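Written below as structure tokens is the structure these notes are about.
Bear in mind these aren't lab numbers, they're just calculated from the coordinates by the rules spelled out. Note that the coordinates shown come from a computational prediction; the quantities given were computed from them, not determined experimentally. Because the Cβ atoms are built from the backbone with ideal geometry, glycine has one as well, and the counts that use them run over all protein chains shown.
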Amino acid sequence: MRVNTSSHDLKIADQKHHLHPFTEHGSLGVDDRRVISKADGVWLWDTDGNRIMDGMAGLWCVNVGHGRQEIVEAVRAQMSELSYYNTFFKTTHPPVIELSEMLAGIAPDNMNMVFYAGSGSEANDTILRLVRTYWALKGQPSKKTVISRKNAYHGSTVAGASLGGMGAMHSQGGLPIPDIHHIDQPYWFGEGMMTGMSEDEFGLWAARELDRAIEKIGEENVAAFIAEPIQGAGGVIVPPATYWPEVRRILESRDILFISDEVICGFGRTGEWFGSGYYDMKPDLMAIAKGLTSGYLPMGGVLVSDEIAEVLHREGVEFYHGYTYSGHPACCAAAIANLTIIKREGLVERVRDHIGPYFQTRWKSLQEHPLVGEARMVGLFGSLELVPDENDLMKRFDNVGKVGTITRDHSFANGLVMRAVRDSLIISPPLTITEDEVDHLVATARKTLDDAWGSLR
Ligand code: PLP
């Protein structure tokens, strides 16, 4: 921390030298910035002296809450013992071995191997190369196309952004790369209810988009289907109940791999260890990051099924892929300490049986507000869909995103971080949030809706 630097001077230096991710710099004034300098539990403090509730667990990642000295100590101890060594070629080290064993214990029974990366984006880059390599090694090199979904988020690298289905991202840098195919998403509130289908019918229709795409592309050309169990950055899109069972039926009848992107859904967010487990899906590969270390240090990875691992273990086979920081010892130490906390404190079960249901009931009460068309939540992540007319849920605001941003700014001013996606507000707090904190959060969200409602009149 720079000593004796005023909050304003920090913001000026930030404006001069810092290019922020996903930020429209042209409209970002010096004083629009918020300098976060301290965090503990679900709370953040900024350099202007404000205390703010972190309703997003950072970027959906601080699952065990901020300020856990146990993780800090584990990292410090690891760094003084072995701060860096790589895992290329024939070398390995104790923390990466311990973490791999731990992850194999948490993962579904058919997944016992881990490939490490530095982030969720790198995990998905790894996956794209891995699935194509797998099919080539199996003598089916034409199986290259990966089917994904519109409005999915799988990261910001070239492969991650191509796998993702965000039009704005595709418009920059010549994306998507070839052999990625995007099908419609199972977004009932945003797209389904306008079709005239019931929610269940729409779920089946959206699932069968996968089958139709496989038919069109040819099963002999399709490597895999990638999906987040619940789309996070796309707007916490909880699919209709019919969606995942139908996708599962289709996958079982087709010879393609299923990749579950667990970067947000993993490590307790849904009240299960993995979002695919919540929906009883059986992935061949899982991308993990975020809650793996609760964001204390950057780390991602890929959990690999025994069937795929067996092909990679054949004599003479080498996957020409890896990162300098694959299995970084300090990140492994952070992940081990973090997973130890999640297990010891029973955070996954807590979300499933206690704090999840508690929060969901209170969150859903916000649906009564005239600005809210739908309040949904699974586990500990949810969304409020804002609408101009509570009596006509098909109607949308003219200037998409404006009301969402205004309401998000009210929330910040009221001391609560929520995220705006189009005209919806997203919540995804640390899994350690208490009942009192949930009550505070929901009361602040209600005040925020009142403020936004008032400012729109
Ligand atoms: N996949 C999903 C589902 C994500 O939500 C994200 C990030 O938000 C990523 C991948 C990319 O992860 P990272 O930002 O660590 O590269």
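Cβ-Cβ distance of residue 177 and residue 440, R₀ of 51 Å, FRET efficiency by 1/(1 + (r/R0)^6): the value works out to about 0.70.
Take the alpha-carbon positions of region 1-114, form their convex hull, and give its projected area averaged over all directions (one quarter of the hull surface) in nm².
On the way: hull surface 44.8 nm².
For region 1-114, the mean projected area of the Cα convex hull comes to 11.2 nm².
Out of all DSSP beta bridges with both ends in the chain, state the antiparallel percent to the nearest 5. Kindly include the intermediate steps, with their values, before the conclusion.
Working: 32 of 47 bridges.
Approximately 70 percent, going by the DSSP bridge assignments.
By definition, a body whose alpha carbon gyration tensor gives a ≥ b ≥ c is prolate when a/c is 1.5 or more and a/b is larger than b/c, and region 304-368 fits this prolate description.
For the chain, the relative contact order is 20 percent, taking Cα pairs closer than 8 Å that sit 6 or more residues apart in sequence and dividing their mean separation by the residue count. When shorter helices are ignored and each DSSP H run of at least 4 residues is given -39500 (n - 2.57), the per-residue value for the chain at 222 nm works out to -11500 deg cm²/dmol. Each pair of Cα atoms in the chain enters the Kirkwood radius, and Stokes-Einstein at 10 °C and 1.306 mPa s then converts it into a translational diffusion coefficient of 69 µm²/s.
Rank-order 209-217, 14-22 by packing density, defined as the average count of other C-beta atoms within 10 Å over each peptide's residues, highest first. Kindly include the intermediate steps, with their values, before the conclusion.
On the way: 209-217: 16.6, 14-22: 9.6.
With the highest mean Cβ count within 10 Å placed first, the list reads 209-217, 14-22.
What percent does the relative contact order of region 336-457 come to when contacts are Cα pairs within less than 8 Å and at least six residues apart?
Numbers: 167 pairs, mean separation 27.5, N = 122.
Relative contact order comes out at 23 percent.
Ranked by the mean number of other Cβ atoms within 10 Å of their residues, highest first, the peptides 341-353, 142-154 come out as 142-154, 341-353.
Output the relative contact order of region 36-121, whole-number percent, from Cα pairs under 8 angstrom with separation of 6+ residues. Mind showing how you got there, number by number?
Numbers: 55 pairs, mean separation 12.8, N = 86.
Result for region 36-121 is 15 percent.
With no solvent and one equal point scatterer placed on each C-alpha of region 194-273, evaluate the Debye formula and give log10 I(q)/I(0) for q = 0.18, 0.26 Å⁻¹, two decimals. Per q value, in the given order, log10 I(q)/I(0) is -0.84, -1.28.
With Kirkwood's inverse mean 1/r over C-alpha pairs for Rh, give me the Rg to Rh ratio of region 137-266, two decimals please. Can you show the working numbers first?
Working: Rg = 14.4 Å, Rh = 15.0 Å.
For region 137-266, the value is 0.96.
Ignoring aspartates and glutamates fewer than eight residues from residue 38 along the same chain, the ones with Cα atoms less than 20 angstrom from its Cα are 9, 14, 46, 48, 54, 70, 73, 437. One quarter of the surface of the convex hull around the alpha-carbon atoms of region 81-211 equals 11.9 nm², the direction-averaged projected area. Once the Cα-Cα distance is subtracted from the 0.36 nm per residue extended length, the residue 85 to residue 309 segment shows a gain of 78.2 nm.
Cross-link partners for residue 364 among the lysines, with Cα-Cα distance under 26 Å and sequence neighbours closer than 8 places in the same chain left out: 395, 402, 447.
Please give every one of the lysines within straight-line cross-link reach of residue 143, meaning a C-alpha to C-alpha distance under 17 Å, and leave out same-chain neighbours fewer than 8 residues apart. In chain and number order, the partners are 216.
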